[in-house]
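Reviewing the structure listed below.
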Amino acid sequence: MAIDAVRAKELEFAPLTVEVERGRLRFFSATIGETDPVYLDVDAAKAAGHRDLPVPPTFFFSLGLEAPDPFGYLDVLGIDLRQVLHGEQSFEYHSLAYARDQLTLQDRIVDVYEKRGGALEFVVKQTAITRASEPIADMRSVIVVRNPEAAA
């Protein structure tokens, strides 16, 4: 099964708007082992010059999981989840985000390519994260799809 690259790049994703919650930021920070009180305590954050708890690096990925069907695009492309691996994740930050911010995530497929004669297919998804119209971050994720029907 080969992914139709043209069709993949034409997929339209509905934007997702979410509010960043303090409790979730604290939980995420504690989970990743963050000990800087700026990420855990509002008073410490304000004393450091922030208006609220700042969003720690990589948190944006978890916001995308709040979509009603965060991996639904894989179904649309006919990709069997049992053949999927997480290949890569990267972030480009433009501005800080904080607890209580309303952020909008806009996903789009920017590339589909193959290696090993089609045995491995790669789907590259770009997510623009904004607050109102202000760019906050760009997130790029790559999934690897194993195609057992292709000759390696």
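Values quoted throughout were computed directly from the atomic coordinates according to the rules given, and no laboratory measurement underlies them. This is a predicted model, so every value here is computed, not measured. Reconstructed Cβ throughout: ideal geometry from the backbone, glycine too, with neighbour counts over all protein chains shown.
The table that follows gives values for the structure above.
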read-out	value
Residue that is surrounded by 14 or more Cβ atoms within 10 Å (Cβ to Cβ), at negative phi and of a type in the set (Lys, Arg), where the choices are Arg51, Arg22	Arg22
So Gly117, is it buried (at least 16 other Cβ atoms within 10 Å of the Cβ), in contact (Cβ under 8 Å) with a residue 24 or more places away in the chain and not basic (Lys, Arg)	no
Residue in region 48-97 that is farthest from Ala137 (Cα to Cα), counting only those that are in a loop (DSSP other than H, G, I, E, B) and among the β-branched types (Val, Ile, Thr)	Ile79
So Gln89, is it of a type in the set (S, T, N, Q), in contact with an Asp or Glu (Cβ under 7 Å, 6 or more places away or on another chain) and either surrounded by 12 or more Cβ atoms within 10 Å (Cβ to Cβ) or in contact (Cβ under 8 Å) with a residue 12 or more places away in the chain (or both)	no
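Table: residues versus (1) within 16 Å of the chain's Cα centre (by Cα); (2) among the aromatic types (Phe, Trp, Tyr); (3) over 30 Å from Leu53 (Cα atoms).
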position: Ile79; (1), (2), (3): no, no, yes
position: Leu85; (1), (2), (3): yes, no, yes
position: Glu92; (1), (2), (3): yes, no, no
position: Ala97; (1), (2), (3): yes, no, no
position: Asp107; (1), (2), (3): yes, no, no
position: Gly118; (1), (2), (3): no, no, yes
position: Val123; (1), (2), (3): yes, no, yes
position: Gln126; (1), (2), (3): yes, no, no
